[in-house]
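Bear in mind these aren't lab numbers, they're just calculated from the coordinates by the rules spelled out. From a predicted model like this one, the values you see are computed outputs, not experimental measurements. Ideal geometry is used to build each Cβ from the backbone, glycine not excepted, and the neighbour counts take in all protein chains shown.
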Amino acid sequence: MRILVGVGGGIAAYKAAELVRTLGVRGHEVQVAMTRAAGEFVRPLTFASLTGRKVITDLFSEEGPIEHIAVARDNDVLVVAPATADLMAKFACGLADDFLTTTFLAFTGKVVLAPAMNSAMWLHPATQANLSTLERRGCSIVSPSDGWLACREMGPGRLAEPAAIVEHVEALMRTKRDFEGENFLITAGPTQEALDPIRYISNRSSGKMGYAIADAAARRGASVVLVSGPVSLTPPPQVELVSVRTAQEMRKAVMDHLAEATIVVKNAAVADYYVASVPQQKLKKTAARLSLELDPTPDILAEVGEKKGDRLLVGFAAETENLVEEARRKMLSKHCDMLVANLVNREGLGFEADNNEVEIITRGGKTAHAGPAGKRQIAEQILDQIALLRLTLRAVDASA
Ligand SMILES: Cc1cc2nc3c(=O)[nH]c(=O)nc-3n(C[C@H](O)[C@H](O)[C@H](O)COP(=O)(O)O)c2cc1C
């Protein structure tokens, strides 16, 4: 890979030398560009020696063609480490007053930012807002870690280890684009069904699995609409988020977006029951037992199954027993092409957890197992199975 490493003027600039060295050892072609402030911490000679190339420090050069455009065009990925608070602010605003900021604007490939700074600077709302803007625009962030900082404080803001930055860059560039042209409609998270103006019934779904699938599908080239119940997650970049609260709202959002969808993934944990007539006033506590009258919510998966046409429909089942039998029954009754089933009563897996372990069952009777692993990895495996199923269904269509 051809990698442009932009070095910002932070104390962690010395760690960029190890990053550049490792990228070179791993066979990548590295060009370094330093900001003026970076030159206060490390001399260009260090990077020139490690790369065997002249380090770019100036926007205005006497030599040859317009260098920032040529460099932006010739590199596959731009890695900025350390990404200072100042650089992130400039990138977010679109300022172009030196070589690195101008090249950032001209760069059309993938951009990886590895921020590093004092904890207060990192947690400042301005820095966090710039970070969100850059993430939303597609920059990939290698988050700083917690630890001992050069300012002799403990806290978040420490540059990720060079090996972790290399791993992040390589994983990002490995990403397949096998879902280009597909429109995913994904639901995630729980729903909340009101009992009175301040109370609700909900469940323990965190939305992490659905968000990981949405993120992975977008990275693999799909256009993604994510219909999400209330969760505390940052929506993945390049995904259209539709926020809903109740099962009724989720049904409406799904039906509104169904026409454009080619692949529907129903990962949300939708409430099965709701209170049809919610009292206008807060329920008062009395000594008497309180009974709730609940009505069934709309079965969104079944409705999508009936209207699915030639869309690929993937359902999820969270079970506490008889996993595969229950999943198969649900897949057939709801007209799903694939069902992802997980046992949810195990410590550290499934609901709320970062990890998961699932059985992936398809109509043709094939079963694949994924995990235990992080939800990002499981998301990739689910997408691999969807890609396989799509191939099989196309082959069947072609031979019909
Ligand atoms: C000793 C010292 C250490 C600094 N460390 C950092 C840092 O780790 N992160 C950061 O964002 N800024 C840091 N700064 C502030 C930046 O150097 C300053 O904002 C500069 O304008 C950044 O320029 P650049 O983003 O163009 O490289 C530091 C400044 C000094 C004097």
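Report the relative contact order of the range 2-174, percent, no decimals, based on alpha-carbon pairs under 8 angstrom and at least 6 residues apart.
23 percent
Sort 74, 86, 215 so the one with the fewest other Cβ atoms within 10 Å of its own Cβ comes first.
Listing 74, 86, 215 from fewest to most nearby Cβ atoms yields 74, 86, 215.
With 10 angstrom as the radius, rank 68, 369 by how many other C-beta atoms surround their C-beta, starting from the fewest.
In order of increasing Cβ crowding within 10 Å: 369, 68.
Could you tell me which GluC sites (Glu not before Pro) in the range 158-258 are loop residues by DSSP with no more than 14 other beta carbons within 10 angstrom of their beta carbon?
Answer in residue order: 180.
Determine the percent antiparallel among the DSSP beta bridges restricted to the chain, to the nearest 5. Could the numbers behind the result be given before it?
Details: 18 of 63 bridges.
That works out to approximately 30 percent antiparallel.
Note down the nm distance, to one decimal, between modelled labels 7 Å out along Cα→Cβ at residue 25 and at residue 37.
Spacing of the two 7 Å Cα→Cβ label points: 3.0 nm.
Using the basic label-point model (7 angstrom from Cα toward the beta carbon), what is the residue 329 to residue 49 distance in nanometres?
For residue 329 paired with residue 49, the spin-label model returns 7.1 nm.
Using label points projected 7 Å from each Cα along Cα→Cβ, tell me how many nm separate residue 171 and residue 256, to one decimal.
3.4 nm
How high is the FRET efficiency from residue 320 to residue 148, r the C-beta distance, R0 35 Å, rounded to 0.05?
For residue 320 and residue 148, the calculated efficiency is 0.20.
If I take every Cα pair under 8 Å that is 6 or more residues apart in the chain, average their sequence separation and divide by the length, what percent do I get for the relative contact order?
Numbers: 804 pairs, mean separation 42.0, N = 400.
After rounding, I find 10 percent.
Restricting attention to the range 72-138, which trypsin sites (Lys or Arg not before Pro) occupy a DSSP loop and are surrounded by at most 14 other Cβ atoms within 10 Å?
For trypsin sites (Lys or Arg not before Pro) across the range 72-138 that sit outside H, G, I, E and B with at most 14 neighbouring Cβ atoms in 10 Å, the list reads 137.
If one takes the longest principal axis of the Cα atoms in the chain, at what angle in degrees, from 0 to 90 and to the nearest 10, does the Cα axis of helix 247-258 lie?
The angle comes out at about 60 degrees.
With θ taken as phi - 60° and the coefficients 6.51, -1.76 and 1.60, list the Karplus ³J(HN,Hα) couplings across the range 174-183 in order, rounded to whole Hz; mark glycine and proline as x.
Result, rounded to whole Hz: 6, 3, 7, 10, 7, 10, 4, x, 8, 10.
Using the Karplus curve 6.51 cos²θ - 1.76 cosθ + 1.60 with θ = phi - 60°, work out ³J(HN,Hα) for each residue of the range 115-124 in order, rounded to whole Hz, and write x for Gly and Pro.
x, 7, 5, 4, 4, 5, 5, 5, 7, 4
For the chain, what does -39500 (n - 2.57) per DSSP helix run (n ≥ 4), summed and divided by total residues, give at 222 nm, in deg cm²/dmol to the nearest 500?
My calculation for the chain gives -11000 deg cm²/dmol from helical runs alone.
Just flag the trypsin sites (Lys or Arg not before Pro) in the range 248-310 sitting in loop per DSSP whose Cβ has no more than 14 other Cβ atoms within 10 Å.
Within the range 248-310, the qualifying trypsin sites (Lys or Arg not before Pro) (loop, at most 14 other Cβ atoms within 10 Å) are 282, 284, 285, 289, 307.
Would you work out the relative contact order for the range 183-399, in percent, from Cα pairs under 8 angstrom that are 6 or more residues apart?
With pairs under 8 Å counted, the relative contact order is 19 percent.
Below 26 Å, Cα to Cα, which lysines can residue 334 reach? Residues fewer than 8 away in the same chain don't count.
Reachable lysines: 208, 252, 266, 307, 308, 366, 375.
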